[in-house]
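Scroll down for the structure; my scribbles are underneath it.
Laboratory data are not the source of any read-out in this text; all were calculated from the coordinates shown. It should be emphasised that the depicted structure is a prediction, and the values quoted were computed from it without experimental measurement. All Cβ positions, even for glycine, are placed from backbone atoms using ideal geometry, and neighbour counts span all protein chains on display.
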Amino acid sequence: MRLKLIGCQVLTRELELVAARSPHSIEAEIVPMGLHDLGVAMRPHLQERIDLADTASYDAILLGYALCGRGTDGLRAGKTPLVLPRSHDCIGLLMGSRHLYHEYFDAHPGVYFRSPGWIEHQIPGQTLEPAFSAAYNTDGKRHTIKELVARYGEENGTYLFEQFASSRRGYSGLTYISTGVDFEDSFREAARGEARKEGWDFEEIEGSLSLLQRLVNGDWDAADFLVVPPGAAVTTTLGDTIVGAK
């Protein structure tokens, strides 16, 4: 088969690995991870790429995305089927199973996740939620409330400082997902350093590329993948299926 793969930058190294092992012809397009910060607003940007790919002769268009804050909800297939894994976000993709992700998350509340791609492609100074990147300077050091007030004004600076501090109280640990990519030692140590800086517990777990491998191999069983037929669109569903098509 000739397949088009549209994937998030955070999965770049992992997608390159699985694509090289696929028996099919894979044409990959990597989309900047900053698009994910837009939430549902990232939909038209992805749709534009899907529509462009639909003008070529592919057997299917693969999405290296999950539901991603409903950012893929509403994406419509043209004449070419769309395929995406059933997962709420990329953590499930990197663990190889949404079920394993849910089990780990339930057993480890208050954990923030890192992976090679999240470390490699994050904006300097952005260590947590993109909405709070302004709370850091370009060296990755957190601004004081005095600095934020001077930069954004009394009301905005105080609000940003308080909201940022409140968000971080919800985390108690950092879990690094090892995916076996090249030069992973540096990513692992960066994650460990971030946990140390924040006073969080650090844990490393072994991820799995099995779900991504099956995506590019064309092994799209209905339990783990949604195949959107021509003319239909991705919809958010309740329960374990996560996404559907109509």
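Descriptive notes on the structure:
- Approximate spin-label separation ALA222-LYS79, in nm, with each point projected 7 Å along Cα-to-Cβ: 2.8
- FRET efficiency estimate (nearest 0.05) - Cβ-Cβ, ASP182 to LEU238, R0 51 angstrom: 0.80
- Spin-label model distance (nm) - ASP51 vs ALA150, 7 Å beyond Cα toward Cβ: 4.7
- Extending 7 Å from Cα along the Cβ direction at ARG192 and again at HIS24 yields two label points whose distance is 3.9 nm.
- The ranking of ILE91, ILE61 by Cβ neighbour count inside 10 Å, starting from the fewest, reads ILE91, ILE61.
- The order of VAL216, VAL83, VAL111, going from fewest to most other C-beta atoms within 10 Å of their C-beta, is VAL111, VAL83, VAL216.
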